[in-house]
1. Answer yes or no as to whether A:ILE86 is buried (at least 19 other Cβ atoms within 10 Å of the Cβ) and more than 10 Å from every other protein chain (Cβ to nearest Cβ).
2. Can you say whether C:ARG42 is open to solvent by 40 Å² or more (accessible area, probe 1.4 Å), within 10 Å of chain B (Cβ to nearest Cβ) and not in a strand (DSSP E or B), as far as the supplied structure shows?
3. When you look at C:PRO279, is it open to solvent by less than 10 Å² (accessible area, probe 1.4 Å), over 18 Å from C:GLY203 (Cα atoms) and outside any helix (DSSP H, G or I), yes or no?
4. How many residues does segment A:45-57 contain that are facing chain B (nearest Cβ under 7 Å) and open to solvent by 30 Å² or more (accessible area, probe 1.4 Å)?
5. For segment B:59-78, how many residues meet the condition of being more than 7 Å from chain C (Cβ to nearest Cβ) and under 25 Å from A:PHE36 (Cα atoms)?
6. If the requirement is being crowded, with 21+ Cβ neighbours inside 10 Å, on the phi < 0 side of the Ramachandran plot, assigned to a strand (DSSP E or B) and within 14 Å of chain B (Cβ to nearest Cβ), which of these qualifies: C:VAL81, C:VAL101, C:VAL114?
7. Return the only residue of C:ALA266, C:ALA246, C:ALA251, C:ALA210 being modelled with pLDDT under 95, within 27 Å of C:GLN289 (Cβ to Cβ) and open to solvent by 10 Å² or more (accessible area, probe 1.4 Å).
8. Among the candidates A:LYS13, A:LYS93, which residue alone is modelled with pLDDT of 95 or more and open to solvent by 20 Å² or more (accessible area, probe 1.4 Å)?
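The values are calculated or read from the model by the stated rules, or taken from the named source; none is laboratory data. Source: prediction; values computed, not measured. Virtual Cβ from ideal backbone geometry, glycine too; neighbours counted across all protein chains shown. Surface areas here come from the heavy atoms of the whole protein model, side chains and all, with no ligands, DNA or RNA. Shrake-Rupley method; radii C 1.70, N 1.55, O 1.52, S 1.80 Å.
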Amino acid sequence: MRHPQLNANGELKHLLTIEGLPRATVQHILDTAESFVGVAEREVKKVPLLRGKSVFNLFFENSTRTRTTFEIAAKRLSADVLNLNINTSSASKGESLLDTVDNLAAMHADMFVVRHAASGAPFLIAEHLDRHHGPHVHVINAGDGRHAHPTQGLLDMYTIRHFKKDFTQLRVAIVGDVLHSRVARSDIHGLTTLGVPEVRVIGPLTLLPAGVEQMGVRVFTDMREGLKDVDVIIMLRLQNERMRGALLPSAQEYFKQYGLTREKLALAKPDAIVMHPGPMNRGVEIESQVADGPQSVILDQVTFGIAVRMAVMSILGAN
Amino acid sequence: MRHPQLNANGELKHLLTIEGLPRATVQHILDTAESFVGVAEREVKKVPLLRGKSVFNLFFENSTRTRTTFEIAAKRLSADVLNLNINTSSASKGESLLDTVDNLAAMHADMFVVRHAASGAPFLIAEHLDRHHGPHVHVINAGDGRHAHPTQGLLDMYTIRHFKKDFTQLRVAIVGDVLHSRVARSDIHGLTTLGVPEVRVIGPLTLLPAGVEQMGVRVFTDMREGLKDVDVIIMLRLQNERMRGALLPSAQEYFKQYGLTREKLALAKPDAIVMHPGPMNRGVEIESQVADGPQSVILDQVTFGIAVRMAVMSILGAN
Amino acid sequence: MRHPQLNANGELKHLLTIEGLPRATVQHILDTAESFVGVAEREVKKVPLLRGKSVFNLFFENSTRTRTTFEIAAKRLSADVLNLNINTSSASKGESLLDTVDNLAAMHADMFVVRHAASGAPFLIAEHLDRHHGPHVHVINAGDGRHAHPTQGLLDMYTIRHFKKDFTQLRVAIVGDVLHSRVARSDIHGLTTLGVPEVRVIGPLTLLPAGVEQMGVRVFTDMREGLKDVDVIIMLRLQNERMRGALLPSAQEYFKQYGLTREKLALAKPDAIVMHPGPMNRGVEIESQVADGPQSVILDQVTFGIAVRMAVMSILGAN
């Protein structure tokens, strides 16, 4: 098996996907993140681990929210951060993706945080950098098409570990638009890697990928059935554009069947936690009383997300 | 009387409006600003007061100019600054204002600088933060609808104090589109709080709010009459869109009646100062020879504005 | 001869154009850049030369690429960097160019990096600053209309010196759309100043400025003839909009006549270097195998570009 994100010593060189990442690597990231949770609570929320390094947020797909999480993580590590939104710039001047990357690498970039609408773009960039610019430039996938969003997956793992401790006794349900969700893919790989015995996906058939069972999950189209006795519920964001297509009847109908309400939540274990990668569509995939309720750990995910991104960046920067 | 921006000890927790702010608090801000005026003239224009703090410029309404003043103030205090323009981002993804704020607070934001087209939005955010995220997150109103722009008001007070020393002997005229101006409102509150005995507003009836007299000001529709013997003239910006509505005849006509010319300026006291919050419409609300003339302190306002914003940020950060 | 960019002691106060710059000044910049090439290869790529200084990237014309090079150079010098894209902001509010500059200068800006579609805009700004804000504010021209792009010219000179050592023995060819190219103008002035005995321009007559010979260059419309025995080939970017006009037949036809292919490159000296300011149109002005080939120094240009910009900024900041 090929590990394009590990170097010859088995150390993390890029973070492109959770798929195929050794369990020890995942655990090392989570352990490192733990130390950064404390940094964010300090008076001075800054450590000098990436001082003098140049981190480029290379966003080919606009996302202020995700860009902000990486920017703040990098700044708290004392890096210099450069934000590039590439819809309006060189891309429109006809420069190729790899020419852009070559240019920034020639400016002695240390790290690229890449978001791209095309699945695989960060892999392409990482391979190109390895081949042409040596081992000192790192790539973090901040979401590529429908493929992967590994830091979101890792922060979800961190959150589950924080609240549930032991992965090997858990039943986890992922609910909603699995078909279009890179978060779902990253979460499934993370959960499997960490030894979760039962991962369920719940959603209408139109929003479940064909053959999803082969990822080692149980499939439910009935949410009430699927939520029974689970320890963790991961709600997925439903993008409005899905409504406009033929995939779904209406937001109201979707909410009725797959929205997480207090009533449906009661079917899970009493201490089940509720997660959501955000931004939420309240009243579409989740009821406000659940989103803001005692079982919701949605804002903890955000907090841990910064620590996890700091962990990934500092590990890459040290390798 | 309720002071949503003061904590139990009467210290400034948020800066939302000058209205209702104790005179001592206003004076403390102005005194603190004085020390920062010197910082901007140093070789190294930086103090470490907000080192390791995360300041979020949360601009729901685009304003490069205002955003820049806060960004530079925060950077000179050594804070990490994150700029978020929220027209294109999560807002368009259907995330609510308060969900956005919750998310950023969960990233351990220390301070939000908020600009919003809706009056009251920064209050809503401040109350929400107080209720859900504790006393360590601060909000600065950088302009909300037609309501308030308190840092502009404070920098205007600083400027007047700098040039005129004693507020209790002054006659101040505010000229132009008072109806749509948050600056006018903030200035009136500031001047009243600091004991200015006579505040005048001058403008066409269509641009004066109904019942403005109840704010303790004298109303003039004739500019020549209104300017007589004043010590301070605060010109307001006339937004072009007003012209397109039915509120005004034409820019030429407006300038003739309410534009500040050398000739009209001569009616004020000989040592009267001329102020403008910028950006100016030369030839509409002010004649270039006045804007650039010896009585103009418009650029001093800008300089003092940085110091005042540093003062507000450092006071909030310390409380 | 007037030197608006030199102060009374002959030191660089602004960098507006290479034209008329004394050879010693150019050489001083290149020598200084040499020391910064090393900084970029260090573990901590940062020096404190501009600590506490405020650098404003004032881009009236969008260019993520160029803005990034200046931003990273300023950050590696430890400056505070403020990015202002002025198409959407005050400009649309009707504020004049010089009012914008006055405002930013009043915030104690130390340096402006200006890009503007109008030739001469950075000169206007520099003169205005000199007259109204004293000698401590510096302007760097980051590209003005078709006029000049001096830091690109200087980094090209650095690159040529790095690979060829002695300017006084060189034959240099500049190929393509000379008419619209500020890079070409800056390069010609740089090469002439540094004593290059033979500068050639090669292109179709429609893309050569009338009277270009008066700049001291030899004109060729036949690329094969023009490339013969040259030491350095500087390819220019062909903007797509030229195609849409009447100036050029088609991209294919252009490539056939003026695209740099391996076959045409073979006409130059065997150790000739190939340069391009980027972003490249592969298959239009240059063949991929040449752009990525052993004679290409295109990415070296980018690397040296950061060092040259750090050099210019640090020299200005010290004067």
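1. Considered against the rule, which asks whether it is buried (at least 19 other Cβ atoms within 10 Å of the Cβ) and more than 10 Å from every other protein chain (Cβ to nearest Cβ), A:ILE86 comes out as no.
2. no
3. Yes, satisfied.
4. 1
5. Number satisfying all stated conditions: 3.
6. Just a single option satisfies the conditions, and that option is C:VAL81.
7. Answer to the check: C:ALA251.
8. Being modelled with pLDDT of 95 or more and open to solvent by 20 Å² or more (accessible area, probe 1.4 Å) holds for just one of A:LYS13, A:LYS93, which is A:LYS13.
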